[in-house]
Amino acid sequence: IRGGDGNQEGGVGLNGRFGKNTKIKNVWIEHANVGAWVGRDYDNIPALWGPGDGLEFSGMRIRNTYADGVNFSNGTRNSTVFNSSFRNTGDDALAVWANKYVKDQSVDIGHDNAFRNNTVQLPWRANGVAVYGGYGNTIENNLISDTMNYPGIMLATDHDPLPFSGQTVIANNGLYRTGGAFWNEDQEFGAITLFAQGQNIPGVIIRDTDICDSTYDGIQFKTGGGTVPDAKITNVRICKSNNGSGILAMSGARGSATLTNVTISDSRDGDVTIEPGSQFNFTWSALKAPSTPLKSRPRR
């Protein structure tokens with residue numbers, strides 16, 4: 001089960017505030033609810049409040065969890081997971097959640113965290129890597145493969161986070177056989193999905209990335225109440241989106257993106273699809289725009 005009886009927390013391998021400049025190396029965690037949960041809500045012993053700052057996880061091996069691998073929550077900042085391996089997690093293998101359960105929402109924002117040089121395989125629920133709100137967070141040099149039902153990488157404003165601001169960088173990653181269908185197969189997710197559910201997601205940079213053999217779209221701008229303004233997608237190769245497009249803007253997506261040196265091939269529904277009703281605009285640089293929007297595929 002995820003969690004314990006009566007909605008109590010299940011077992012967490014490493015759990016707490018972690019203080020400043022803590023280094024944790026070479027720990028194998030398996031069959032826990034969560035591998036490592038960084039942060040406690042402010043109302044959990046307020047006298048001990050203090051977000052994780054400068055925390056480093058390296059050489060971690062996290063396997064077969066019921067929920068997250070490592071979640072940077074409650075204002076965690078300047079912290080890193082690198083040179084680590086995640087397999088068969090039951091929620092996001094790696095996540096920044098800039099949640100609101102903090103002492104000062106204007107200061108205690110999840111920021112300047114990085115996930116670098118990690119391998120993520122076979123998460124059986126949710127994302128390979130996810131960022132929910134905050135600023136200055138980086139997903140870089142990771143190999144992500146074989147997600148069951150969610151994106152390889154997702155930026156989203158569900159879970160009611162503090163807003164995105166500044167930049168969020170997705171760089172030099174390889175995504176293979178990622179994306180999938182979830183929620184009774186009512187939602188189909190791309191390999192990289194941008195989901196501005198309510199708030200906006202500004203400052204998105206996606207560069208120097210391979211996206212291949214995706215279950216649905218390579219990059220997906222999902223219907224939501226917010227916008228994704230002025231995203232930058234540069235030096236990205238998308239090959240073989242098996243049941244979707246290279247890049248999709250769904251009917252309720254709003255925002256814009258500039259594509260520079262983007263190559264797309266062998267996608268079932270073509271290179272770029274802008275669904276009818278979408279208020280999303282693409283600017284092509286070193287990539288020829290389709291003469292007319294491609295026909296939308298049905299969405300359940």
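Annotations
- Amide H contacts of G198: T157, G225, G226, each under 5 Å away and 5 or more positions distant or on a separate chain (H built 1.01 Å from N in the peptide plane; Pro and chain starts excluded).
- The percentage of C-alpha pairs in the chain whose separation is greater than 37 Å is 12%.
- Between W284 and I205, the FRET efficiency from the beta-carbon distance, with R0 = 22 Å, is close to 0.80.
- With R₀ set to 35 Å, the beta-carbon distance separating H31 from D186 gives a calculated FRET efficiency near 0.70.
- Within the full protein context, the accessible area of W97 is estimated at about 50 Å² for a probe radius of 1.4 Å.
- Projecting the Cα positions of G11, C239, M148 onto the charge dipole of the chain (unit charges on Cβ atoms of Lys, Arg, Asp and Glu, taken about the Cα centre) puts C239 furthest along the positive direction.
- Of all accessible heavy-atom area on the range 177-296, the percent that carbon and sulfur account for (1.4 Å): 47 percent
- Note on the range 48-84 and the range 200-240: Cα centroid distance 25 Å, given to the nearest whole angstrom.
- For the range 203-269, the solvent-accessible area with a 1.4 angstrom probe is 32 square angstrom per residue.
- On the principal axes of its alpha carbon atoms, the range 172-288 extends 34, 30, 25 Å, with the longest extent given first.
- Extent along the principal axes, Cα only, for the range 59-102: 30, 22, 8 Å, with the longest axis given first.
- Annotation: per residue accessible area for the range 1-133 equals 43 Å², rounded to a whole number [probe 1.4 Å, protein chains only].
- Which of H31, H159 is most accessible, then next, and so on - probe 1.4 Å: H31, H159
- Rounded, prolate or oblate (a/c below 1.5 giving rounded, otherwise prolate when a/b exceeds b/c) for the range 166-217 by Cα gyration tensor: oblate
- Protein-only accessible surface order, largest first, of M154, M148 at 1.4 Å: M148, M154
The values are calculated or read from the model by the stated rules, or taken from the named source; none is laboratory data. In this text, all values refer to a predicted model and were calculated from it rather than measured experimentally. Please note: Cβ atoms are built from the backbone with ideal geometry, for glycine as well, and neighbour counts cover all protein chains shown. Please note that ligands, DNA and RNA were not included when accessible areas were found on the heavy atoms of the full protein model with its side chains. Shrake-Rupley method; radii C 1.70, N 1.55, O 1.52, S 1.80 Å.
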